[in-house]
Structures are given as C-alpha cells and as structure tokens.
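These notes are about the structure you will find just below.
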Amino acid sequence: MPGLVSPGGPPPRITLPETPTQRSESSKTPTQSPLPNKKPPSPSPSSRSKKKTSETPTTNSLLSEASLDNPDLGPFLLKVARDTIASGDGPAKALDYAIRASKSFERCAVEGEPSLDLAMSLHVLAAIYCSLNRFEEAVPVLERAIHVPDVERGADHALAAFSGYMQLGDTFSMLGQVDKSILMYDQGLQIQIQTLGETDPRVGETCRYLAEANVQAMQFDKAEELCNKTLEIHRAHSEPASLEEAADRRLMALICEAKGDYESALEHLVLASMAMIANGQDNEVASIDVSIGNIYMSLCRFDEAIFSYQKALTVFKSSKGENHPSVASVFVRLADLYHRTGKLRESKSYCENALRIYSKPVPGTTAEEIAGGLTEVSAIFESVDDPEEALKLLQKAMKLLEDKPGQQSTVAGIEARMGVMYYMIGKYDEARSAFESAVLKLRTSGERKSAFFGVVLNQMGLACVQLFKIDEAAELFEEARGILEQECGPCHQDTLGVYSNLAATYDAMGRVGDAIEILEYVLKLREEKLGIANPDFEDEKRRLAELLKEAGKTRDRKAKSLENLIDPNSKRTKKESNKRWPGLGFRI
C-alpha cells in the first residue's frame, strides 16, 4: 500500500492476511471488512457441509498430489503455513504449504461456484512471495485471486475482492509501478463504495490511502479531491479536532504546499497542530512545527521559520535523544534556511551536525531515513557549488536504497541528480550513464509520462551532445518534447528549453529545415503569448536569421561546432545555481 506521506519514509510492508475470524471489527484500517458488523464465513473445515475426517493428514500424505483432492487438506495446509511463519521458521518453508493449499482449494471447489477459501489461500500465497521479495511472482497470484469472488453475492465476496485489489496495489507499489498500483487501489475503493455507500468511515480511510498514493505519484489534483472527501467523512463521524481530522489536514497541507498554495497549507497545519495539542501528542506537534517552518521558509518569513524549527528541535531532543534522525532532519532544515539567508558558516555547522547523526544512527533508524537526510544535505552542498561533496552523499544514499523494494523511483531521482553533478564537473560519460540508469528505472516504474521524466531525458540529451552522440541526443530531445508539451504545455520554460536544444541538434545534423521550423514556432509563441522582453528572444531571433541565410545557400553543409549546440537556457546549468527542478536539485 502507499507508504507514509513524508518523503523518504520507509516502504510499506506487506503482511500475511488474517483469516476472517481473526479480523477485528473495530479496526479502522481500510483493508478490514468493508461491511459493518459482519464476518465472512471461516474457511475452517467446520463450516463445510462435509463432515471432517477423524484422521489428521501426515507429512507423507502432504507430498502426494492425489491427496490434494481431500477437502480437509486445504485448511490444514493453510494453517501449517501460518504456524510455520509464526514459529520463526520463515516464509521459505511456508511457501510449499501455501502453494499446495491453493491447489487443494482449487481442486475441491464446486464448479461454477466462487470459492472464498481459494481466494484467501491465494492472498496468503502472494503475501509469502512478497515477504521473500519475489514480488513479480506475487502479481499473477493476486491477479487470479481478484477474479475468484463474486461481489454481487454479498459482504463476504466484497471483502475478498476488496482485499485482493488492495494487496495487488501494494505489490505494484513495491515494484515501483505507481500507475498500476493506483489503478488497483481505485478498483478496491469502488467495490467498497458500492458495498458500503460513500459516507462510511472505512471508505474515508481508503480515500485517504489512495490520496497518499496520488501524492507519491505527484498527481496532486486527484489527491486533493480524495483528501477533501476524507475530511468530509471524518467530520461527519468523528469528534471535532479528532486525530483522524488532524492526520487528514496534514496530508492536505502537503498537497497544498506541492501546488504552491502556501497560505492554505499553513492554515491546515495550524488546525492540525491544535488538534494534536488537544490530544496530548507532543511529538506529533513537533513534527507539524517542522512542516510549519517549511511553509514559513517558502514564504520567506525566516524568523518565524527559525522559531518553529527550534520549538521542534527542543521537543525531539528531550523526547527522542540528541542523536535521533528526527533531530538530524531539523538540523538539515536549519542548514537550508541559513544557507538561503547567506549565513554560510551556520549552515555548514548544522550540516555537519546532521551528518554526524546519520553516520552513527541510533538503533531502529531505517535506511530510508538516512538516505533521505543525505540527499537533502547534498542539495545544500550543491547550492554552494561543491558538487564533489554532493556526489559523495548521493552515492551513499543510493547505496542504502538500491536493494530496497519499492524504492526504484527514489533511486532514479538520486541517479538523475548524480547525472547533473557529473555534468557540472565535466564528467560526461558518467553523467550519461547515471541518466541512462535513471531513465530505465522511470520507464519501468510507470513514470514515463511525468514532467520529471521529460526533464531527465533533456538532461541526458545534453550529456550525449557533449559526447558527440548527436543522433541519440536528437531522439532524447524529441521524446522529451512530446512529454513536456503534454504535461507542461508549449509555453513552459522546460518545454521551450527542449525546443531550443532540439533546434540546435537538428542544425548540427544538417536538418536545417526542421531547425528553422522549431525556431519559428518558438519565436511565434514568445511574440504572441510570452512577450519579447525575455533575453532569449533576441538570441533565438539571431539564430533563426543565420539559419535562413544558410538555408538559402545550400543544405549540404558542414555541421556546426558542438560548442554551439546547447542553447542559452541549458548553459545556465552551471551559472544559475538557484534555478532548480522543485525538490530534486535539477537545473534547467
């Protein structure tokens, strides 16, 4: 399932599904029964019309394929699988039992009748695959499981279908396939709404769950819509200033901040803080103070930001200890603030304090927390023109995450930043390799249509230009153009930069007509929609005049020097250290 809202948080964990009789009716997690006050029938043999045999299956009988036709064997094998994991023997031994249980339930199922026992055993089997990090093998099992129940047959089948879709969404999330993950969560939500209605509290929990997934996918409009629905449901069913409402408001604040609506984000955070204070949640109040400080910093209200950070720092030190990663995260925020205000000595001191904690983390600190902190510190070093040190920190962060499931997109972002660092220091081969690895991961994780993916393609194209790989650069710029036109529109600065890069590349390839067509289009956009005050306008106008003049002579000409290929926008990658891709340190 989608992880915590906070960036860099630990990946979601997939646990073995509980049998219906073990589920708590009072639980509020969205994966519980979608209907109130009802339990699915127990898959135990006692619920069957057939009388249980007095003979317990032996180990030898478990190994016999013929024994799988015994209707009592499936429940027994499923119990053995659970007991094996509970005893500490691990999931590897339980896997064979779970596979045989599923086969037995399938053989004993009545033709034409959907078997909830089979669906449950498939859920357990998939969970074991996931616990072994064999997520690809879990996917077909769950895809089969979601088609077993018949939602029209009532609550039991609705629960099985809902749980299957949510578990499949979890698995896709762990594989980094965000789009597929969200699609599965949405299918589960629709089943839950169909069964419970739109205002049930459990629907609210699932809406929030799906909103978090959309935040991770940077689909903020959809996330805002779902979070608003969650707030409405919780306001109808919870007491004023409840913990549920506070959690919803923190999520809404994150969405508003991502959309640039800082005032609304601040309002939600203040209300969430008041609710947490009323419920005596001091550590949560401190976490909200950090978020409030971030908003104040975005609004350039630096004194108020420092006050919020210091409040949080005092609470974290007293409650969690001087060396807790929460303390380090506040040090990083203060380092960034002092860097922005020109107090570089203070900024460096806070960076060193944070790195000291990350180098010797306290027990219980996750790799994701450390990697996230190292990545943030690297951005500060990048800002003070120390790309070598920034690179070292990014390499450490990537090493911590590269083998972690569900972290492909995060690792891709780190690799893309490393590509930018390599490009800045003139290591173009390393830059291209880093970008290529990032692009491959982003394609696999389903982010091939995001604006970020378009920017990474553009950066990889620039690295290829420096390596004289002009044909490859042209292909990358063309793909980037299509994505950025779709995601950002033709007038966005990122899109205009790709247009100019592509025109220069076509010029170098001798495709003067194509280069002229692009530059004419860009100048038309600037004249009609963006204005001609931009200094790029005169440069592009001059370049177009030169191309038109040369095209009048001959098109079979010598390619221009590669020194002139990168447009002025792209050359600013080394000069304008303040212009970045939001949150990821990219210079456009």
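The values are calculated or read from the model by the stated rules, or taken from the named source; none is laboratory data. All values reported here derive from a predicted model rather than from experimental measurement. Glycine gets a Cβ as well: all are built from the backbone with ideal geometry, and neighbour counts include every protein chain shown. When the accessible area is computed, the model is the full protein with side chains, heavy atoms only, and any ligands, DNA or RNA have been set aside. Shrake-Rupley method; radii C 1.70, N 1.55, O 1.52, S 1.80 Å.
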*For region 228-368, what log10 I(q)/I(0) values come out of the Debye formula at q = 0.13, 0.15, 0.16 1/Å, with one point per alpha carbon and no solvent?*
-0.61, -0.79, -0.88
*asked:* At 7 Å along Cα-to-Cβ for each site, give me the label-to-label distance between Asp221 and Met509 in nm.
replied: 3.3
_What aspartates and glutamates does Lys103 reach when the alpha-carbon gap must be under 13 Å and sequence neighbours fewer than 8 apart in one chain are set aside?_
Glu65, Asp69, Asp72, Asp117
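Ignoring ligands, DNA and RNA, what percent of the accessible area of region 389-473 is carbon or sulfur (1.4 Å)?
Details: 1600 of 3280 Å².
Answer for region 389-473 is 49 percent, counting heavy atoms of protein chains only.
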_Protection proxy ranking of 356-366, 120-130, 154-164, 507-517 - average other beta-carbon atoms within 10 Å, highest first_ = 120-130, 154-164, 507-517, 356-366
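Provide the packing ranking of 412-418, 379-385, i.e. peptides ordered by the mean count of other C-beta atoms within 10 Å per residue, highest first.
On the way: 412-418: 26.3, 379-385: 18.7.
My ranking of the peptides, most packed first, is 412-418, 379-385.
By how many nm would the segment from Glu267 to Asn279 grow when fully extended, if each residue of separation counts as 0.36 nm and the alpha-carbon distance is taken off?
On the way: separation 12, 0.36 × 12 = 4.32 nm, distance 1.89 nm.
Contour length minus the Cα-Cα distance gives 2.4 nm.
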*Roughly what would the spin-label model give for Asp83 and Thr366, points 7 Å off Cα along C-beta, in nm?*
3.4
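Let me know the charge dipole size of region 421-461 about its Cα centre in debye, to the nearest 20, where only the beta-carbon of Lys, Arg (+1) and Asp, Glu (-1) is charged. The partial results should precede the final answer.
Details: 6 positive and 4 negative charges, 34 e Å.
Using only the charged Cβ atoms, the result is roughly 160 debye.
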*With the other protein chains left in place, how much accessible area per residue, in square angstrom, belongs to region 67-196 at a 1.4 angstrom probe?*
39
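As an exercise, identify the GluC sites (Glu not before Pro) in region 114-214 lying in DSSP coil whose Cβ has no more than 15 other Cβ atoms within 10 Å.
Details: sites: Glu136, Glu137, Glu143, Glu152, Glu198, Glu205, Glu212; in loops: Glu198.
Counting only loop positions with at most 15 other Cβ atoms within 10 Å, the GluC sites (Glu not before Pro) in region 114-214 are Glu198.
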*For region 67-196, with equal point scatterers placed on the C-alpha atoms only and solvent neglected, what are the log10 I(q)/I(0) values from the Debye formula at q = 0.09, 0.15 1/Å, to two decimals?*
-0.26, -0.70
*What whole number of Å gives the distance from the Cα centroid of region 443-501 to the Cα centroid of region 246-325?*
36
_Cα→Cβ-extended label distance, 7 Å offset, between Leu183 and Ala236, nm_ = 3.0
*Please sort 342-352, 167-177 by packing, taking for each peptide the average over its residues of neighbouring beta carbons within 10 angstrom, highest first.*
167-177, 342-352
_I need the phi-derived Karplus couplings for region 496-509: 6.51 cos²θ - 1.76 cosθ + 1.60, θ = phi - 60°, integer Hz, Gly and Pro marked x._
4, x, 5, 3, 5, 4, 5, 4, 5, 5, 4, 4, 5, 7
_Need the full-extension length gain, Glu546 to Asp150, defined as separation in residues times 0.36 nm minus the C-alpha distance. One decimal, nm._
135.7 nm
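Can you pull the percent of region 73-190's accessible area that's carbon plus sulfur, 1.4 Å probe, other chains left in place?
Working: 2290 of 4570 Å².
That share works out to 50 percent.
Tell me whether region 220-266 comes out rounded, prolate or oblate; compute the Cα gyration tensor, take square roots of the eigenvalues as a ≥ b ≥ c, and use a/c under 1.5 as the rounded threshold.
Working: a/c = 3.03, a/b = 1.69, b/c = 1.80.
The shape class here is oblate.
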